[in-house]
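Q: This is the structure I have questions about; it appears just below.
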Amino acid sequence: MKKLIYTTVVSLLSLLLLSCSKGAKTVLEKAEMATFIIYTFDEYGSPAGSGSGFFIDKEGIGITNYHVLDGAQKAVLRLKDGKEYEIDKVLASDKKWDIAKFSVVNKENEHFSYLKFSNDEVSQGDKVYNLGAPIGLEQTFADGLVSSIRTDSHGQIIQVSIPISGGSSGSPIMNEYGDVVGVATFKSTRGENINFGVAISDEKLSLMTSNPFEKSNRQFNKKENFVILNVPSDQESDLILNALEFKKDATIAYLSYTNLDMSMNGSAIWCKTGAGDDGFYIKDNDSSKKYYIVSSTLGISHEQSTSVPLATVCKFQVYFPAISNNVKSIDIKEGNNPRWSFSDINLDNYRNNIKIDMDNYQKEYAYSTMHEGELDTATSIFESILDNDPENIQALNALGIISYVIDNNQDAIRYFSEVIKNHPNSSTGYLNRSCVYKYQNDLEKAVADLTKAINIEKDNPDFLADRAAMYISLKKWNEAKADLDNALSMSEFVDRFNAYYLRGACNTQLEDIKAATEDLKQAYNYATTEEMKQMVVSAYEKIHPQDDNSQSVQDVAASYFRGSIGSFPIVMYLTLSNGGKVSGWYYYESKGANNKLVLSGNYNQDGDITLYEFDETGNHTGKFVGRYNNRDYSGTFNAYGSSSSYSFSLIEL
């Protein structure tokens, strides 16, 4: 008899478990084609975050949280079957309640699966379900209990034990019949598994007749001919072409640059104008016509550049002449620089179909949160990328840099070592790990890693200059000088002031005072601030102690020139002193030094020089008006009622 009772109890438990399991599956089957993930894009076309939502009728009217769409320029939803639909209009909204009702672009007049609202309110202890997309993980199904019914600024809210994470905002909270009782909205960070949804019903939704969203988001889906792209440049993923806008009077490229280069704690970026093929331009690949940059929101030169600190993002716009929106294929180039160029962009692939690659979307959204300084959010997203792709170089590199920025050097080295292990032919891991070792003052390891990066990118002058600086710290003067020689021989190398200044230090230590003097002359010529000039003056005075007859570095910064006035060969000597004064002499080379004429005048910071010529009796006999640019001096000479052009270049002594 006892055995029979035991068997009956087991059978009843099995039936109850089977019933519960079937109920959950029924809810899931009912909801999975009616719910979706929402991807939003900001005014640059850059990923702005994801959320969830669900349809409430067959025509495609949807519900999500107000905050999911707030601030977006465009939004796209994706169903379980992969079909994507652009959100057309927000029809009604309530910011306090955090609910938005919207329609979708439905060109084919399709019918959609949808969910109904429950006629009954839930009670504490009731079973509930949720289908959302936490941290972008689509179609995540979970269950729990109603922990409590509460009231706050949203109105009536349902506290649930269902785990809800970012990305699930706007998803349905359903009862055991699969009917909607609430919308997942927020969670408490002060405790474990304390999650909330706003209560919702047909009656409550019918009372939502106003639309504050429309007033505060006037640009939502209003830009015509706005093509979202989000494609990386030809060689690097740190520069993204987010979108193109074809306006009647201009074409605007929307771009974002993420500074993930630890060799330059603060990157400087700029867009030069008027440079023709050496600057930014758009090329219509069908007609081969080029449209050159007109202006941008960046600085226009290295001296007037836009600073981008490490682990931050700079979003900017580049303006071009108006281009027909019918153009099919384009290139966007910045001279011959592949890091800032985009090739073979087929616009027809993007015009009517916003392409969403989840991995790229997550990565770009993580970069976007770095732009806002939300490093914790960025870290969570990059870690979720690694869950699916443990070798992802962008995620590993970004996590290493974030760790470095928050002074967690142990994790930074770990992430960069993973980059090296999984991508040994990339310079990224070696370069960034070198920077961490350098920060820790482990210069031998830093040089070893940087050397491996240089072996991969042999033509990068900045790497050579960085290694030279470390060699100097290690007092390896010959090695440092060799790196600086190579860097200065490359035309694309920019930081010439520091290179000449450091090479001057190397030559001083190597007791080549003549070479050190010439380097300091060049450094002074490239100095752009008084502080930089004073650095050079101090270094010069250490190797040339001052006396009454000695010259300062300012005096020898220009020094001897060779050139011609008209057809006459000339040798000239100039001294440029503080206060904008110039003095010196010149003579006709063919007639010897006895015919030396005295010069006196002034110059300004722009390189404009005015000189007056005096004969040996002190009479004013001529005037030089010209411009001095580092090593070359040219302009017009006026004397005795006539003028001649002149050109001089600095003589290497």
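Q: Quick one: would you say E29 is part of a loop (DSSP other than H, G, I, E, B), modelled with pLDDT under 95 and open to solvent by 50 Å² or more (accessible area, probe 1.4 Å)?
A: Criteria not met by E29.
Q: If we keep just the residues of the range 80-95 that are at negative phi and outside any strand (DSSP E or B), which is surrounded by the most Cβ atoms within 10 Å (Cβ to Cβ)?
A: Step one: list which residues in the range 80-95 are at negative phi, which gives 80-81, 83-95.
Among the residues that remain, those that are also outside any strand (DSSP E or B) are: 80-81, 83, 95.
Values: K80: 16, D81: 7, K83: 11, K95: 14.
Only one residue fits best here, namely K80.
Q: Being within 27 Å of the chain's Cα centre (by Cα) and modelled with pLDDT under 95 narrows it down to one of G82, G23, G49, so name that one. Walk me through how you get there before you give the answer.
A: Details: G82 fails: within 27 Å of the chain's Cα centre (by Cα); G23 fails: within 27 Å of the chain's Cα centre (by Cα).
Result: G49 is the single residue among G82, G23, G49 that is within 27 Å of the chain's Cα centre (by Cα) and modelled with pLDDT under 95.
Q: Answer with yes or no whether S567 is over 16 Å from L650 (Cα atoms) and either surrounded by 15 or more Cβ atoms within 10 Å (Cβ to Cβ) or at pLDDT 80 or above (or both). Break it down stepwise before answering.
A: Details: over 16 Å from L650 (Cα atoms): yes; either surrounded by 15 or more Cβ atoms within 10 Å (Cβ to Cβ) or at pLDDT 80 or above (or both): no.
Criteria not met by S567.
Q: Looking at the range 350-376, which of its residues are in contact (Cβ under 8 Å) with a residue 40 or more places away in the chain, open to solvent by 50 Å² or more (accessible area, probe 1.4 Å) and not in a loop (DSSP other than H, G, I, E, B)?
A: R351, N360, Y365, H371
Q: Given the criterion among the hydroxyl-bearing types (S, T, Y) and modelled with pLDDT under 80, identify the matching residue among T621, T610, T617.
A: Working: T621 fails: modelled with pLDDT under 80; T610 fails: modelled with pLDDT under 80.
Result of the check over T621, T610, T617: T617.
Q: Additional query: Across the range 432-443, which residue is most open to solvent (accessible area, probe 1.4 Å) among those that are out of contact with any Phe, Trp or Tyr (no Cβ under 8 Å at 6 or more places or on another chain) and assigned to a helix (DSSP H, G or I)? Before the answer, list the steps.
A: In the first step, residues of the range 432-443 are kept if they are out of contact with any Phe, Trp or Tyr (no Cβ under 8 Å at 6 or more places or on another chain); the result is 434, 437-438, 440-442.
From what is left, the residues that are assigned to a helix (DSSP H, G or I) are 434, 437-438.
Values: S434: 4, Y437: 30, K438: 97 Å².
Filtering the range 432-443 for residues that are out of contact with any Phe, Trp or Tyr (no Cβ under 8 Å at 6 or more places or on another chain) and assigned to a helix (DSSP H, G or I), the one most open to solvent (accessible area, probe 1.4 Å) comes out as K438.
Q: Still on this model: Can you tell me which residue among S644, S634 is within 30 Å of A515 (Cα to Cα), modelled with pLDDT of 80 or more and of a type in the set (S, T, Y)?
A: Numbers: S644 fails: within 30 Å of A515 (Cα to Cα).
When all the criteria are applied, what remains is S634.
Q: Let me ask something additional. Being open to solvent by 20 Å² or more (accessible area, probe 1.4 Å) and over 31 Å from the mean Cα position of the chain (by Cα) is the filter; apply it to the range 52-79 and report the residue that is nearest to D202 (Cα to Cα).
A: Only one residue tops the list, namely I56.
Q: Then there's this: Step by step: first the residues of the range 531-562, then only those that are closer than 18 Å to Y633 by Cβ and open to solvent by 70 Å² or more (accessible area, probe 1.4 Å), then the one that is modelled with the lowest pLDDT. Which residue is that? Explain how you work it out, then say what you get.
A: Going residue by residue through the range 531-562, those that are closer than 18 Å to Y633 by Cβ are 554-562.
In the following step, the residues that additionally are open to solvent by 70 Å² or more (accessible area, probe 1.4 Å) were identified as 560, 562.
Values: Y560: 69, R562: 76.
So, considering only residues that are closer than 18 Å to Y633 by Cβ and open to solvent by 70 Å² or more (accessible area, probe 1.4 Å), the one modelled with the lowest pLDDT is Y560.
Q: Sort out which residues of the range 43-77 are within 24 Å of K107 (Cα to Cα), of a type outside the set (S, T, Y) and in contact with a helix residue (DSSP H, G or I) (Cβ under 9 Å, 6 or more places away or on another chain), and write them in order of number.
A: Passing the criteria: G51, G53, F54, I56, I63, L69, A75.
Q: Would you be able to say whether some residue in the range 121-132 is among the β-branched types (V, I, T) and touching a helix residue (DSSP H, G or I) at 6+ places or on another chain (Cβ under 6 Å)? Lay out the reasoning, then the answer.
A: Here is the first cut: in the range 121-132, the ones among the β-branched types (V, I, T) are 122, 128.
Then keep just the ones that are touching a helix residue (DSSP H, G or I) at 6+ places or on another chain (Cβ under 6 Å); that gives none.
Taking every residue of the range 121-132 in turn, none turns out to be among the β-branched types (V, I, T) and touching a helix residue (DSSP H, G or I) at 6+ places or on another chain (Cβ under 6 Å).
Q: Counting just the residues of the range 321-334 that are touching a Ser or Thr at 6+ places or on another chain (Cβ under 8 Å) and under 17 Å from L239 (Cβ atoms), which one comes out surrounded by the fewest Cβ atoms within 10 Å (Cβ to Cβ)? Lay out the reasoning, then the answer.
A: First, the residues of the range 321-334 that are touching a Ser or Thr at 6+ places or on another chain (Cβ under 8 Å): 321-323, 331-334.
Remaining after also requiring under 17 Å from L239 (Cβ atoms): 331-334.
Numbers: D331: 16, I332: 24, K333: 21, E334: 21.
This residue is D331.
Q: Considering only the range 377-389, state which residues are open to solvent by less than 10 Å² (accessible area, probe 1.4 Å) and more than 18 Å from G51 (Cα to Cα).
A: none
Q: Just one of the numbered conditions (1) touching a residue at least 60 places away in the same chain (Cβ under 8 Å); (2) among the aliphatic types (A, V, I, L, M); (3) touching a Gly at 6+ places or on another chain (Cβ under 9 Å) is not true of I293; which one?
A: (1)
Q: Count, please, the residues in the range 408-446 that happen to be under 21 Å from the mean Cα position of the chain (by Cα) and more than 19 Å from A311 (Cα to Cα).
A: Result for the range 408-446: 1.
Q: Ok, one more. Name the residues in the range 146-204 that are outside any strand (DSSP E or B), aliphatic (A, V, I, L, M) and either open to solvent by 40 Å² or more (accessible area, probe 1.4 Å) or more than 23 Å from E32 (Cβ to Cβ) (or both), would you?
A: The answer is I194, and nothing else.
Q: Would you point out the residue of the range 335-349, among those that are assigned to a strand (DSSP E or B) and open to solvent by 20 Å² or more (accessible area, probe 1.4 Å), that is nearest to Q394 (Cα to Cα)? Even if it seems obvious, please write down each step before you answer.
A: Keep residues of the range 335-349 that are assigned to a strand (DSSP E or B), which gives 342-346.
Next, from what is left, pick out any that are open to solvent by 20 Å² or more (accessible area, probe 1.4 Å): 343-344, 346.
Working: S343: 21, D344: 23, N346: 25 Å.
Only one residue fits best here, namely S343.
Q: A follow-up question, please. Could you grab me the full set of residues in the range 96-145 that are open to solvent by 60 Å² or more (accessible area, probe 1.4 Å), closer than 27 Å to E59 by Cβ and in a strand (DSSP E or B)?
A: Correct list: F141 only.
Q: Sticking with this structure for a sec: I'd like the residue in the range 250-271 that is of a type outside the set (A, V, I, L, M, F, W, C) and in contact with a Pro (Cβ under 9 Å, 6 or more places away or on another chain) and, out of all such residues, is nearest to F342 (Cα to Cα).
A: Within the range 250-271, the subset of a type outside the set (A, V, I, L, M, F, W, C) is 251, 254, 256-259, 261, 263, 265-267.
Checking the rest, the ones that are also in contact with a Pro (Cβ under 9 Å, 6 or more places away or on another chain) come to 251, 259, 265-267.
Numbers: T251: 16, N259: 19, N265: 26, G266: 24, S267: 21 Å.
Residue satisfying both the conditions and the ranking: T251.
Q: Here is a list: A469, A412, A446. Which entry is free of Cβ contacts under 8 Å to residues at least 40 places away in the same chain, in a helix (DSSP H, G or I), touching a Cys at 6+ places or on another chain (Cβ under 8 Å) and not basic (K, R)?
A: Values: A469 fails: touching a Cys at 6+ places or on another chain (Cβ under 8 Å); A412 fails: touching a Cys at 6+ places or on another chain (Cβ under 8 Å).
It is A446.
The values are calculated or read from the model by the stated rules, or taken from the named source; none is laboratory data. Computed from a prediction, not measured in an experiment: that's the story for all the values here. Counting neighbours? That spans all protein chains shown, and the Cβs are built from the backbone with ideal geometry, glycine included. Keep in mind that these areas ignore ligands, DNA and RNA; they rest on the heavy atoms of the full protein, side chains included. Shrake-Rupley method; radii C 1.70, N 1.55, O 1.52, S 1.80 Å.
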